[in-house]
Amino acid sequence: MNIPPQLVELKARLHEIYDLEMAAALLNWDQTTYMPPGGATARGRQLATLGRIAHEKRTDAQIGRLLDALRPYEETLPPDSPDAALIRVARRDYERATRIPAAFTAELYQHMAASYDVWSRARPANDIAAVLPYLERTLDLSRRFAEFFPGYDHIADPLIDMADDGMRAATIRQVFAGLRQGLLPLVEQVTAQPPVDDSCLRQFFPEAQQLAFGVEVITALGYDFTRGRQDKTLHPFMTKFSLNDVRITTRFDEYDLGSALFSTIHEAGHAMYEQGIALEFEGTPLASGTSAGMHESQSRLWENIVGRSLPFWEHFYPRLQATFPDQLGNVSLETFYRAINKVQRSLIRTEADEVTYNLHVILRFDLELALLEGTLAVRDLPEAWHERYRSDLGVTPPDYRDGVLQDVHWYGGLIGGAFQGYTLGNIMSAQLFEAALRDHPDIPQQIGRGQFGTLREWMREHVYRHGRALDADDILRRATGRSLDVQPYLAYLWRKYGEIYGIAHTPFHQVVA
Ligand code: ZN
């Protein structure tokens, strides 16, 4: 069949939007890496201008007309064809963008800027009273945002959908409840053991050698430096300007070996996902990871399941020792492996280990739902936060700075949909890894030899290349045979940490009744 002219025009318009978004990404990247402080004001204006033009183009009624005109053509296409996926995703984006009135968006951005500003001063000052009125308004705006998408089952659904397409509050709540039930006894048993000594990581490790070792590791994993680069920043992230220019950023702490290394692997995991998207999607809305959760599944897979595994360090530890002979020459592999997998009850999500991390996320998700439902008032949030830290993590925040003020999410964005992706990603990472192992049982032995191609190509085939053409649930069902399932992740955590901490192996299915 001939390609209809409407599809040609649609693609041209989408490509323009893509170019504007990539140009904004480049300005953003520059702002957080190399821009001198004097550039800030003009840069803010330039980003606002690009954002406004992109928004006008995204909501242009002509896109709606083209999408309507393409319906008959769409019905002739196999649902799996790239054009069918493109029209489907473009329609979803268009409907989403046009439901939100421009006046609301302007009000939201203005409030977000003010709220972020107040939070950035209130956090160091531990001034909870300063942020509460802003949080009230954020909650109000979040509810109003959800109301632009009537017909939801739970008021958080439209907010969750923005980050994790197709995921629902009810499903996530159920999955997270099962995870929490399986994690609490593991944390209980692990933290009852003598604490692990991780002082070997807290020596002086010069930045230049850390950088070189990190580059060696992510090159071996498959991050393509001919289509990417790595620079320094304050808060590490991954960004892209096209599928052939996917960049990562890193921050170094010369007294914490794990900090830059694992964050570099994490960001490289995000980047390998983007670098692995089918190049035929370039310039279209399909040229992106499919959801926050799926994206995080790849950063977490490479950072934790691979990068904190024993086989990985059987290969890399002699190299790390050769890089830092004075610091690590006399530290055994076992001591190092236990140090990078130390579990402890803690206050700060971003510093938490694999076992406790999800408890930090689940409690935030539950609090978001309670706020949106109206069963928790904003003024009661700080105390509710402390309560959940006591019950789930066994620690009491000494102040608000390391309590409800610690994450930027609710102060620079909406309430709802902000956190679930992190834990969805962890769950998916184990589910996908288990499926890859079914196809290639010798992946751990390959990792032990420093070979990552089989695992990476499996991920490329089943996850990366699809971009947004498949949503997370489609990918999981096709790649693993079922929808989101917490069991592989719980099994992975119990097996790994049971071994490290010498806990009599408790089959997790007895724990998760
Ligand atoms: Zn990430």
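The values are calculated or read from the model by the stated rules, or taken from the named source; none is laboratory data. None of the values given here were measured: they were computed from a predicted structure. Glycine also receives a Cβ, built like all others from the backbone with ideal geometry; neighbour counts cover every protein chain displayed. Surface areas here come from the heavy atoms of the whole protein model, side chains and all, with no ligands, DNA or RNA. Shrake-Rupley method; radii C 1.70, N 1.55, O 1.52, S 1.80 Å.
Got a sec? Which helices (runs of 4 or more DSSP H) wholly within the range 322-386 have at least 2 residues that are under 25 Å from Arg143 (Cβ atoms)?
354-373
Taking the condition of being away from the ligand (no atom under 16 Å from the Cβ), over 18 Å from Pro488 (Cβ atoms) and either open to solvent by 50 Å² or more (accessible area, probe 1.4 Å) or not hydroxyl-bearing (Ser, Thr, Tyr) (or both), how many residues in the range 418-464 meet it?
The number of residues fulfilling the criteria is 13.
Considering only residues that are away from the ligand (no atom under 13 Å from the Cβ) and over 16 Å from Phe205 (Cα atoms), which ones fall in the range 232-275?
Correct list: Lys232, Thr233, Leu234, Lys240, Phe241, Ser242, Leu243, Asn244, Asp245, Val246, Arg247, Gln275.
For the structure I just gave you, tell me whether Leu139 is part of a helix (DSSP H, G or I), within 20 Å of Trp385 (Cβ to Cβ) and touching a helix residue (DSSP H, G or I) at 6+ places or on another chain (Cβ under 9 Å).
yes
Are any residues in the range 48-95 among the aliphatic types (A, V, I, L, M), under 30 Å from Ala25 (Cα atoms) and open to solvent by 30 Å² or more (accessible area, probe 1.4 Å), and if so, which ones?
Scanning the range 48-95 gives Ala48, Leu50, Ile53, Ala61.
What number of residues in the range 160-179 are open to solvent by 10 Å² or more (accessible area, probe 1.4 Å) and of a type in the set (A, V, I, L, M, F, W, C)?
Adding up the residues that qualify gives 6.
Taking the range 321-347 as the search range and keeping residues that are under 30 Å from Ser391 (Cβ atoms) and open to solvent by 30 Å² or more (accessible area, probe 1.4 Å), which one is nearest to the chain's Cα centre (by Cα)?
Leu347
As an exercise: evaluate Val190 against (1) more than 29 Å from Gly502 (Cβ to Cβ); (2) away from the ligand (no atom under 15 Å from the Cβ); (3) of a type in the set (A, V, I, L, M) and give the number of the one condition it does not meet.
The number of the failed condition is (1).
Restricted to the range 129-143, and to residues that are farther than 13 Å from Leu108 by Cβ and touching a residue at least 60 places away in the same chain (Cβ under 8 Å), which residue is surrounded by the fewest Cβ atoms within 10 Å (Cβ to Cβ)?
Only one residue fits best here, namely Glu136.
Being in contact (Cβ under 8 Å) with a residue 40 or more places away in the chain and of a type in the set (Gly, Ala, Ser) is the filter; apply it to the range 54-106 and report the residue that is farthest from Glu280 (Cα to Cα).
Ala102
So which residues in the range 96-108 are surrounded by fewer than 14 Cβ atoms within 10 Å (Cβ to Cβ) and closer than 13 Å to Ala146 by Cα?
Correct list: Pro101 only.
Can you pull out every residue in the range 482-502 that is among the hydrophobic types (A, V, I, L, M, F, W, C) and part of a helix (DSSP H, G or I)?
Leu490, Ala491, Leu493, Trp494, Ile500
Exactly one condition in (1) surrounded by fewer than 20 Cβ atoms within 10 Å (Cβ to Cβ); (2) within 24 Å of Arg143 (Cβ to Cβ); (3) in contact (Cβ under 8 Å) with a residue 60 or more places away in the chain; (4) away from the ligand (no atom under 16 Å from the Cβ) is not met by Val408; state its number.
It fails just one condition, (4).
What are the pairs, 6+ residues apart or on separate chains, where a residue within the range 379-394 that is in contact (Cβ under 8 Å) with a residue 24 or more places away in the chain has its Cβ under 7 Å from a residue that is part of a helix (DSSP H, G or I) and not aliphatic (A, V, I, L, M)?
If the second residue must be part of a helix (DSSP H, G or I) and not aliphatic (A, V, I, L, M), the pairs left are Leu393/Thr356.
Of all residues in the range 166-198, count the ones that are farther than 18 Å from Tyr489 by Cβ and touching a residue at least 12 places away in the same chain (Cβ under 8 Å).
10
So, in the range 180-203, how many residues would count as being open to solvent by 20 Å² or more (accessible area, probe 1.4 Å) and either in a helix (DSSP H, G or I) or touching an Asp or Glu at 6+ places or on another chain (Cβ under 6 Å) (or both)?
The qualifying residues number 9.
Looking at the range 276-302, which of its residues are over 11 Å from the mean Cα position of the chain (by Cα), open to solvent by 20 Å² or more (accessible area, probe 1.4 Å) and within 15 Å of the ligand (Cβ to nearest atom)?
Answer for the range 276-302, where residues must be over 11 Å from the mean Cα position of the chain (by Cα), open to solvent by 20 Å² or more (accessible area, probe 1.4 Å) and within 15 Å of the ligand (Cβ to nearest atom): just Ser288.
Does the range 223-234 hold any residues that are in a helix (DSSP H, G or I) and surrounded by fewer than 16 Cβ atoms within 10 Å (Cβ to Cβ), and which are they?
Listed by number, the residues that qualify are Phe225, Thr226.
Residues of the range 358-380 being of a type in the set (Asp, Glu) and under 21 Å from Leu347 (Cβ atoms), which ones?
Matches in the range 358-380: Asp366, Glu368, Asp380.
Regarding the range 205-222, can at least one residue be identified that is among the aliphatic types (A, V, I, L, M) and assigned to a loop (DSSP other than H, G, I, E, B)?
No.
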